Amino acid sequence: MKSIKIRLELNNEQSTLASKHAGVARHAYNWGLSTCQEAYKNKEKRPSSIDLHKKLVAEVKKANKWYYDVSKCAPQEALRHLDSAYKKAFKEKKGLPVFKKKGIRDSFYLEGNIQIAKNKIKLPVLGWVKMSESSPLTPKGGIMLEDISIKNVTVSKTAGHWFVAFKVPYAVYSKQTKNNPVGVDLGIKTLATLSDGTIFENKRPYKKAKRKLAIAQRKLSKKYKKGQAQSKNYKKQQQKVAKIHYKIACIRKDSLHKLTTHLAKNHSEIVIEDLNVSGMSKNHKLASAILDGGFYEFRRQLGYKCEWYSSVLTVVDRFYPSSKTCSSCGIKKTTLKLSERAFTCESCGFSCDRDLNASLNLKSKAVSYTVSACGVPKQS
């Protein structure tokens, strides 16, 4: 299944309804969490999502009539999420669920009669809602969304914008004639250097917006009143800060999607290095630049896109010295400083860009690619 997320253009009435749905879902989740905590306190068995829903209908709905203004699916799914959160906490050793706050990751779930026509989607209770773009298609050879039955959707809010997300089946691309395997070296100066010489520039969205973000956050801090209800000006400034963060995230995702789609679509095999992103982030001098590049997101996107386009993803061990090894003769250097941007082999005299040399070494690790003793590439 392929997940599609599109921004919604809600009118005032629909926006109010969406906020009500998110509020009810949050209230049901927090009530369920409080009930579970009380059960643990009394050394009782934790109630399941079904038990919680029965109790919710019998007790909470009668006391809060505004529950009937929204779809019943919103509180039901919130209790299911709470149940799965507890299961993950114990099985996968993750933290226990915490109470949700208003305005932070607001979302709700809907199911029922959902239809899509061009740039509109019909949602239960909300009715026909305009989307910011026309309904996209599944991958090549797929079916238009108008012919697909969408069973459920998730509506969420980010930086003042409402989004709808749903899943559709996709058709895997048939194996077509593609370019040779390619090695990809991720970096800070350039986002990615390919073994064929192609360079993808690093846009560094956070670095460019850092000053603007700092000014906006300083203004927000001055408007904050400790122990008091926050003013409307505080909430307006809070939205401005959220929009800057949202723009940074969008620019980063756009560049990563373009890069990963280019690789998976045009190359039969992509060879990357298994980077220790969490370990690299501990270097406080480089952490900001590393996280700004989105290295983890790059690998995640490349993983599922290789399945879409019938490509092979090969991950080389993180301890492989791709930068220190000569791509021509295979001799390994003992030391190579980060300031040295050009690689020069003292043995054979080969010289090229440091990142290009690393990508060529990664390419030599491809399953369908071998290198002769003279450094001449051959197809196996």
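The values are calculated or read from the model by the stated rules, or taken from the named source; none is laboratory data. Remember, it's a predicted structure, so these values are computed and weren't measured experimentally. As a convention, Cβ positions derive from the backbone with ideal geometry for all residues, glycine included, and neighbour counts pool all protein chains shown.
Brief remarks on what is shown
- So LYS65, is it in contact with a strand residue (DSSP E or B) (Cβ under 6 Å, 6 or more places away or on another chain), surrounded by fewer than 20 Cβ atoms within 10 Å (Cβ to Cβ) and at pLDDT 90 or above: no
- Test: residue in the range 200-209 that is touching a helix residue (DSSP H, G or I) at 6+ places or on another chain (Cβ under 9 Å) and aromatic (Phe, Trp, Tyr): yes
- Residues that are under 24 Å from the mean Cα position of the chain (by Cα) and either in a strand (DSSP E or B) or not charged (D, E, K, R) (or both) were ranked within the range 313-331; the one that is farthest from LEU302 (Cα to Cα) is VAL316.
- Unique residue being loosely packed, with under 15 Cβ neighbours inside 10 Å and either over 26 Å from the mean Cα position of the chain (by Cα) or not polar (S, T, N, Q) (or both) when the list is ARG204, ARG218: ARG218
- If only residues of the range 298-318 that are of a type in the set (Phe, Trp, Tyr) and modelled with pLDDT under 90 are counted, the one that is nearest to MET1 (Cα to Cα) is TRP308.
- Counting residues in the range 52-61 that are in the same structural domain as SER134 (by TED's automatic domain parsing), surrounded by 12 or more Cβ atoms within 10 Å (Cβ to Cβ) and assigned to a strand (DSSP E or B) gives zero.
- LYS236 satisfies every condition listed in (1) surrounded by 13 or more Cβ atoms within 10 Å (Cβ to Cβ); (2) more than 30 Å from ALA366 (Cα to Cα) except (1).
- Condition check for VAL271: touching a helix residue (DSSP H, G or I) at 6+ places or on another chain (Cβ under 6 Å) and under 29 Å from PHE350 (Cα atoms): yes
- Residues in the range 9-35 that are surrounded by fewer than 22 Cβ atoms within 10 Å (Cβ to Cβ), of a type in the set (A, V, I, L, M) and over 18 Å from PHE163 (Cα atoms): LEU33 only.
Yes or no, residue by residue, for (1) in contact with a strand residue (DSSP E or B) (Cβ under 6 Å, 6 or more places away or on another chain); (2) in contact (Cβ under 8 Å) with a residue 40 or more places away in the chain; (3) outside any helix (DSSP H, G or I):
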residue: SER15; (1), (2), (3): no, yes, no
residue: ALA22; (1), (2), (3): yes, yes, no
residue: ALA28; (1), (2), (3): no, yes, no
residue: GLU38; (1), (2), (3): no, no, no
residue: ALA89; (1), (2), (3): no, no, no
residue: GLY95; (1), (2), (3): no, no, yes
residue: PHE99; (1), (2), (3): no, yes, yes
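- For the range 332-356, the tally of residues that are in a strand (DSSP E or B) and among the acidic types (Asp, Glu) stands at 1.
- Reported count of residues in the range 345-377, each being surrounded by 15 or more Cβ atoms within 10 Å (Cβ to Cβ) and modelled with pLDDT of 75 or more, is 17.
- Filter pass, SER311 being touching a residue at least 60 places away in the same chain (Cβ under 8 Å) and outside the structural domain of MET1 (by TED's automatic domain parsing): yes
- Within the range 120-135, the set of residues being at pLDDT below 90 and surrounded by 14 or more Cβ atoms within 10 Å (Cβ to Cβ) comprises just one member, SER135.
- Residue match in the range 284-295 (condition: modelled with pLDDT of 95 or more and either under 30 Å from ILE6 (Cα atoms) or under 18 Å from the mean Cα position of the chain (by Cα) (or both)): no
- Within the range 291-310, the set of residues being among the small types (Gly, Ala, Ser) and either in a helix (DSSP H, G or I) or closer than 21 Å to LEU191 by Cα (or both) comprises GLY293, GLY294, GLY303.
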